[in-house]
Amino acid sequence: WILTRRPEAIQAVRDATALTASITGGSFGFGPAVYNLDAPLEDVTTVEVLTEELRLSGGNESLQWLGGVFYSTIDRFYSQFLLVDGYEALTGTPTAGVVAPRDVLYYSTIDYKFDQLALFGEATWSITDRFDLTGGLRYYDFEEDRVLVFDGIFAGYSNSPGSTKADGFAPRLIASYELSDSTNLNAQVSKGFRLGGINDPINVPLCTPQDLVTYGGHPGFDNEELWNYEVGSKSTIMGGRGTINASAYYMDIEGLQATITAGSCSSRIIVNVPKSRSTGIELELAAATSENFDFSIAVSYGNAELQSTFVSAGGDLGIRSGNRLPSVPELQAVAAATYQWQLAGDWLSYVTGTYQHVGSRFTQIGNYEAGFGTVNVRRDGIGAPYTGAPTLAFDPELPAYDLFNLRWGFVGNSWDIALFGTNLTDERALLSLDLERNSRARVGFLTNQPRTFGLSARVNF
């Protein structure tokens, strides 16, 4: 029996001046004295999680079984407050709302309660000395209740309680065959599930009339389900000093939950894409060629894309068959090697190098659309007179990147002291495309940490 209780609280303040200026200057038409006002956005999150799990297991030489029950409850409170001090005095616009104080242009509180109950069981039957069959079944029961309160001149007042629930079964079947003393073959069929939910109300006062039509009318989203089919092999080589693993998979996804930036509304919504598919292969090799040297290599190639087009009554959301799934590279690879040698006494020295390759990706499904990546920088007329080109062009496809790390260390009975260098080639990896208000407020890329050198020390006691 396992019982876990974990309370957490996080508070953060972000500079939202660019976002606020795109509204107060761009949409509302006020001058620099207003749109240059400081706009700190405060986020506060408190979470309390309770989980309980009870397991029973048993069996004999031909049959092993496991069963249990799992329960969790999560209470989460999230709030945002955008205080633009002096806005009302400068503009003459009343800002106090039903619950929003004066000069708080955006106010939101979201109170969640999420309960999950699951019953699970799995059994492995050794049909022969070489062939095992494993079957498992999980019953799930999810329920989420939440109350959303929004206010301020950027959002308008709303108080929206809502709930969503789902229950069902998720089966799994695994067959394993011992081809030889060094090679096992396996095949698996399993079902996955993700609970649907309720979309946050879009910020109506910030939307253009067309965006309000296009992105409105999506109050919630349905459950997502997938079936995974996988075959593979696991082999030992070099007398047990190395392994080779290979697998291929095929996933059918129904109701993919796709996140969409709601145009100028400074909101995001989630919609369900009827059909999606992900296929790929994975290869792994690891070996210790001597007492001093070992290495590992892993490579995967996948193709994940939509198989259907999502049609919205309000307009085109850029979700069409053939678009790649977000944040999924086609090619990934990682390699690591370590050489170690004995020093005087109990001390050991080692050198470890790692390499990582991540292929190109898109941050959101709509970024894959032809023509996406051009911004009219003179659209809202904010800032000094423009002397450059009237448009900004960028490539929404995040390029592939390669990272190299190196570590030279010394290990004793209780000490591990090492010099390290990360991102030795100082690669500038673009991790995601960062857009705000559909490029009205911000266009940028989130990047990785630059080349870094350091010294680390760890002691065990």
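The values are calculated or read from the model by the stated rules, or taken from the named source; none is laboratory data. This is a predicted model, so every value here is computed, not measured. Glycine also receives a Cβ, built like all others from the backbone with ideal geometry; neighbour counts cover every protein chain displayed. Heads up: the accessible areas ignore ligands, DNA and RNA and are worked out on the full protein's heavy atoms, side chains in. Shrake-Rupley method; radii C 1.70, N 1.55, O 1.52, S 1.80 Å.
Below 15 angstrom from the Cβ of Ala288, what's the summed charge of the other residues (Lys, Arg +1; Asp, Glu -1)? So the surrounding residues net to -2.
Considering only protein heavy atoms and a 1.4 Å probe, what is the carbon-and-sulfur percentage of the accessible area of the stretch 190-260? Can you show the working numbers first?
Details: 1980 of 3480 Å².
Heavy-atom surface of the stretch 190-260 belonging to carbon and sulfur, 1.4 Å probe: 57 percent.
Return the carbon/sulfur percentage of the accessible area of the stretch 1-146, one whole number, probe 1.4 Å, all protein chains in place. Could you put the intermediate results ahead of the total?
Details: 4660 of 8140 Å².
Here carbon and sulfur together make up 57 percent of the probe-accessible area.
Dipole magnitude for the stretch 117-184: about 160 debye, using +1 per Lys or Arg Cβ and -1 per Asp or Glu Cβ, origin at the Cα centre.
About its Cα centre, how strong a charge dipole does the stretch 281-398 have in debye, to the nearest 20, once Lys and Arg get +1 and Asp and Glu get -1 at the Cβ?
Details: 5 positive and 12 negative charges, 123 e Å.
Magnitude of the dipole: close to 600 debye.
The listed peptides 336-348, 24-36, ordered by packing as a protection proxy, come out as 24-36, 336-348 (highest mean of other Cβ atoms within 10 Å first). When +1 charges are put on Lys and Arg Cβ atoms and -1 charges on Asp and Glu Cβ atoms, the dipole computed for the chain relative to its Cα centre reaches about 680 debye. Would you mind calculating the relative contact order of the chain from Cα pairs under 8 angstrom and at least 6 residues apart, reporting the percent as a whole number? That works out to 9 percent. Taking other residues whose beta carbon is less than 14 angstrom from the beta carbon of Phe420, and scoring Lys, Arg as +1 and Asp, Glu as -1, yields +2.
Whole-Hz Karplus values for the stretch 107-119 come out as 9, 8, 9, 10, 10, 10, 9, 10, 10, 9, 10, 9, 10 Hz, taken residue by residue from phi with 6.51 cos²θ - 1.76 cosθ + 1.60 and θ = phi - 60°; glycine and proline positions read x.
Suppose all protein chains stay in the model; what accessible area per residue would a 1.4 Å probe give for the chain, in Å²?
Working: 24730 Å² over 461 residues.
Solvent-accessible surface per residue comes out at 54 Å².
Only protein atoms count toward the accessible area here, which uses a 1.4 Å probe; on the stretch 269-321, the carbon and sulfur part of that area reaches 57 percent.
Taking label points 7 Å from Cα along the Cα-to-Cβ direction, Leu406 and Glu53 give a separation of 4.2 nm. Label point of Asp115 set 7 angstrom out along Cα-Cβ; within the stretch 127-147, amide nitrogens under 16 Å from it belong to 140-147.
Annotation for Glu284 and Val99: the two label points, set 7 Å from Cα along the Cα-Cβ direction, are 4.7 nm apart. Taking the charge dipole of the stretch 105-199 about its Cα centre, with +1 at Lys and Arg Cβ atoms and -1 at Asp and Glu Cβ atoms, the residue from Asn186, Ser108, Phe131 reaching farthest to the positive side is Ser108.
Distance between the 7 Å Cα→Cβ label points at Arg14 and Thr425: 3.2 nm. Placing R0 at 30 angstrom, the Cβ-Cβ distance between Asn292 and Ile244 gives a FRET efficiency of 0.85 after rounding to 0.05. Here the sum of -39500 (n - 2.57) over DSSP H runs of 4 or more residues, divided by the residues of the chain, equals -1000 deg cm²/dmol at 222 nm, to the nearest 500. When the surface is traced with a 1.4 Å probe over the full set of protein chains, Glu225 keeps roughly 60 Å² accessible. Say the dipole of the chain comes from +1 at the beta carbon of Lys and Arg and -1 at that of Asp and Glu; which of Ser160, Pro40, Ala89 then lies farthest toward its positive end? So the residue we want is Ala89.
Do any GluC sites (Glu not before Pro) in the stretch 286-384 lie in a loop, going by DSSP, with at most 11 other beta-carbon atoms within 10 Å of their beta carbon, and if so which?
Working: sites: Glu291, Glu305, Glu330, Glu369; in loops: Glu291, Glu330, Glu369.
Hits after loop and neighbour filter: Glu291.
Applying the criteria of a DSSP loop state and at most 15 other Cβ atoms within 10 Å to the trypsin sites (Lys or Arg not before Pro) of the stretch 306-380 yields Arg378, Arg379.
Under the combined filter of DSSP loop state and at most 15 neighbouring Cβ atoms within 10 Å, the stretch 172-278 retains these trypsin sites (Lys or Arg not before Pro): Arg241.
Summing +1 for each Lys or Arg and -1 for each Asp or Glu among the other residues whose beta-carbon sits under 13 angstrom from that of Ile319 gives 0. Considering only Ser264, Asn245, Gln332, and ranking their Cα positions along the charge dipole of the stretch 243-384 that arises from unit charges at the beta-carbon of Lys, Arg, Asp and Glu, the one farthest toward the positive end is Ser264. In order along the stretch 449-455, the phi-based Karplus estimate (6.51 cos²θ - 1.76 cosθ + 1.60, θ = phi - 60°) of 3J(HN,Hα) comes to 6, x, 3, 9, 10, x, 10 Hz; Gly and Pro are listed as x. Candidate values (i) 31.3, 123; (ii) 27.2, 83; (iii) 28.9, 86 were compared with Rg and Dmax of the Cα atoms in Å computed on the shown model; the agreeing label is (ii).
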